[in-house]
Amino acid sequence: MCVVIVGGNERMACQYESICRSYGHRAKVFTKENGTLKRKMGCPDLLILFTNTVSHKMVISASQEAKRNRIPIARVHTSSACALHQLLGRIQDGGVDGVREVSY
């Protein structure tokens, strides 16, 4: 499963990738918007938005791209490693599969 994470802390980008890898997912992490997201995002299986640490412009562009490609969105308020573990754990248990938009 391929996951794109938008937002979060720059210093934790490598940690986000390793957490996703531990659950068997590949991850792309975008903590800042450097150019357009639509070219870089690709077509992942899940888009995770850390809503507390991301600009409104970045949320809008990522949400529009996800809507265009029918990518499920998981909105997580905090950008902590624990919150990412909880989300990926629920996905692995089948609790989030098939849901269009999830908020935590």
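Every number in this text was worked out from the coordinates using simple rules, so none of it is lab data. This is a predicted model, so every value here is computed, not measured. Backbone-built Cβ (ideal geometry, glycine too); neighbour counts: all protein chains shown.
Points to keep in mind about this one:
- Spatially near lysine pairs across the chain, Cα under 14 Å, sequence gap of 8 or more or different chains: 6
- Charge dipole (the chain, unit charges on Cβ, about Cα centre) - positive-most of 51, 83, 34: 34
- Residues 77, 56, arranged from fewest to most other Cβ atoms within 10 angstrom of their Cβ, appear as 56, 77.
- Charging the Cβ of each Asp and Glu at -1 and of each Lys and Arg at +1, and nothing else, the dipole of the chain about its Cα centre rounds to 360 debye.
- In the chain, excluding the sites themselves, the longest stretch lacking any of the trypsin sites (Lys or Arg not before Pro) that are in a DSSP loop with at most 14 other Cβ atoms within 10 Å is 33-69.
- Contour excess over end-to-end distance, with Cα ends at residue 55 and residue 32 and 0.36 nm allotted per residue: 7.4 nm
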